[in-house]
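Structure first, then comments.
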Amino acid sequence: MKKEEIITKIDDFLIDEFELEEDQINPDALLKDDLDIGSLDFVDIAVIIEKEFGFKINAEEMANIRTLDDLYNYIFERVNK
Amino acid sequence: MLALVIPCLNAGKRSEKFSNVLKLFMSGKFKISELIPQRDPIVMVDKIIHSDDNLTVTSFKIREDNIFCSQGFLQESGLIENIAQTAAARAGYIRKEKELETIVGYIGGIKNLRINALPEDDAEIVTTVKVTNTVFNVTIVKGEVRNKNGFVFAECEMKIFLNQ
């Protein structure tokens, strides 16, 4: 899967699920501080990752994801392992 | 009541576990207070009718002195609490099978809540929770509260944290 596909799916999800504006979405955005994504929201992100990309993540892996780009890269690496 | 519940169930999974749960409750071996941490006057589940790998069904008779009732009807908060306690009863049942203590769960979030009507204060409600996912220590369930005829009073998706 290409990274662009992953970015599109994740961005669409974030805009739809968390009612974010498109201009808030940039790779350097901090999930917690800039996008106001809290620990409960990570549950929804974990669910969409499982549904869209076919793998389960664990809490330890999630703890290392701070920016949107971290999230894209993490999914890209897992999907193309 | 069984006629309402059975169409929801996978017939293949139903038979063995359904009869085990029924036997336990019919024999009075378990009381609901052994499965959930809530105590009167906030208990919103009378009994488990069914529980399997993904689905749990409870029933509850609403009494007029219920703390969630007002003006003759169970209020929205009571419906939500009923769904949450059905999920708690499910967790309690699973832990009981493993001979573990019941644990406290917390409602972490509610999505797609739909209240179609409020049940009257003498009604019996039947509540199903279906586990749709488990992420970290959060269980995500789809809950529905119905009357005996199958009318859906309320439905929602709920995230429940189990304090393990």
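Since every read-out is calculated from the coordinates, none of them should be taken as a lab result. Please read all numbers here as calculations on a predicted model, not as lab measurements. So basically every Cβ, Gly included, is an ideal-geometry build from the backbone, and we count neighbours across all protein chains shown.
Any idea how far apart A:Asp69 and A:Asp11 come out in nm if each label point goes 7 Å out from Cα toward Cβ?
Output for this residue pair reads 1.5 nm.
Return the average number of partner chain Cβ atoms within 10 angstrom of each residue Cβ along peptide A:40-51.
The per-residue average across the peptide is 4.
Pulled fully out, how much extra length does the chain show between B:Leu162 and B:Lys130, if you take 0.36 nm times their separation in residues and subtract their Cα-Cα distance?
Numbers: separation 32, 0.36 × 32 = 11.52 nm, distance 1.62 nm.
Working it through step by step, the gained length comes to 9.9 nm.
Only sites in a loop by DSSP and with at most 13 other Cβ atoms within 10 Å count here; which GluC sites (Glu not before Pro) in the stretch B:60-144 make the cut?
The qualifying sites are B:Glu64, B:Glu99, B:Glu101.
When Cβ neighbours within 10 Å are restricted to other protein chains, what is their mean count per residue of peptide B:36-44?
0
What is the mean number of Cβ atoms from other protein chains located within 10 Å of the Cβ atom of each residue in peptide B:128-134, rounded to a whole number?
Other-chain Cβ atoms within 10 Å of each residue's Cβ, averaged: 2.
What's the extension gain from B:Ile103 to B:Asp53 if we count 0.36 nm per residue and subtract their Cα-Cα distance?
Additional length available on full extension: 16.1 nm.
What residue among A:Ala63, A:Ala46, A:Ala29 shows peak mean-square fluctuation when chain A is described by a Gaussian network model with Cα springs under 10 Å?
Looking only at A:Ala63, A:Ala46, A:Ala29, the biggest GNM fluctuation is shown by A:Ala63.
Within the stretch A:1-78, which trypsin sites (Lys or Arg not before Pro) sit in a loop by DSSP and count at most 16 neighbouring Cβ atoms inside 10 Å? Present the calculation step by step, with values, prior to reporting the outcome.
Details: sites: A:Lys2, A:Lys3, A:Lys9, A:Lys32, A:Lys51, A:Lys56, A:Arg66, A:Arg78; in loops: A:Lys2, A:Lys32, A:Lys56, A:Arg66.
The qualifying sites are A:Lys2, A:Lys32, A:Lys56, A:Arg66.
Within chain A, which is the longest segment containing none of the GluC sites (Glu not before Pro) that sit in a DSSP loop and have at most 16 other Cβ atoms within 10 Å?
The segment A:22-81 is the longest one with no such site.
Mind giving me the nanometre distance, one decimal, between the label points for A:Asp34 and A:Lys56, set 7 Å out from Cα along Cα→Cβ?
My value for the distance between the label points is 3.2 nm.
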